[in-house]
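The values are calculated or read from the model by the stated rules, or taken from the named source; none is laboratory data. Values in this document were obtained by computation on a predicted structure and should not be read as measured data. Cβ sites come from the backbone with ideal geometry, for glycine too, and all protein chains shown count toward neighbours. For the accessible areas, the whole protein counts, side chains as well, though only heavy atoms, and no ligand, DNA or RNA atoms are used. Shrake-Rupley method; radii C 1.70, N 1.55, O 1.52, S 1.80 Å.
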Amino acid sequence: LATAGASALGMLKNSSFLIFIIISMIAPGMMQFYFLGTAQFMQDNGIAPKNVPAAMAIAQAVQAAATLFLLGLFVNKIGYKWTLTIGAASWLVMYIIYVMPRPAAAIAASQAFHGIAYVFFIIAGQMFAGAVAPKGAEASMQALVFTAQSGIALFLGTQFAGVVMDKCRVEGQFQWSKLWMVPGVVMLVCVLALLLLFKGTIPTQ
């Protein structure tokens, strides 16, 4: 077990994999803006409180469909680099829609991008970890990625989102466009890093 863990950590010497891990500690954290802010954002933009759960459920429906019908196809056809990039870019698109002037229906429709992003970045990222893991270290590698995505990223993201949301509240009202620009810019940097620095190939074992 110790050897498997050391092998997994040894993969961080690969610059492309290191970039993937760093982004995995940042991009999923931006989901905390989504989870903490979207319901109130919808209500402030004309979506009735009773309709908010249904609007947000669009993300779960798309997530299920993308997992079943698209994930394997995309990984096989375009590889991990582009699958993960599309995932991160989907969060970016959602935050762009949040920032822009748009009808309430567009906010509801944009939930689909969160569903796609979760599948193409979070789930595909865990698949990538298993695919590039040294022999016998698959579980340790996936644990490393899970820790990055769901441990470090969510902890840091929650703290960061809380600070930003406090700064973007004036007299009890959120300055939504200003607020959503923050995770939007972070996701833009993550997308560019994936495009320019992440190879997405499986190193020779």
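Restricting the first member to segment 149-178 and to residues that are more than 24 Å from ILE21 (Cβ to Cβ), and the second to residues that are basic (Lys, Arg) and surrounded by 12 or more Cβ atoms within 10 Å (Cβ to Cβ), the beta-carbon pairs closer than 7 Å and six or more apart or on different chains are CYS168/LYS178. Among the residues of segment 15-24, some residue qualifies, meaning at least one is open to solvent by less than 60 Å² (accessible area, probe 1.4 Å), under 30 Å from PHE174 (Cβ atoms) and in contact with a helix residue (DSSP H, G or I) (Cβ under 6 Å, 6 or more places away or on another chain). Scanning for something at pLDDT 95 or above and surrounded by 13 or more Cβ atoms within 10 Å (Cβ to Cβ), does segment 165-173 turn up at least one residue? Taking every residue of segment 165-173 in turn, at least one turns out to be at pLDDT 95 or above and surrounded by 13 or more Cβ atoms within 10 Å (Cβ to Cβ).
Within segment 81-99, none of the residues are over 17 Å from the mean Cα position of the chain (by Cα) and without any contact (Cβ under 8 Å) to a residue 24 or more places away in the chain. For residues in segment 33-54 being outside any loop (DSSP other than H, G, I, E, B) and hydrophobic (A, V, I, L, M, F, W, C), which is most open to solvent (accessible area, probe 1.4 Å)? The qualifying residue most open to solvent (accessible area, probe 1.4 Å) is PHE35.
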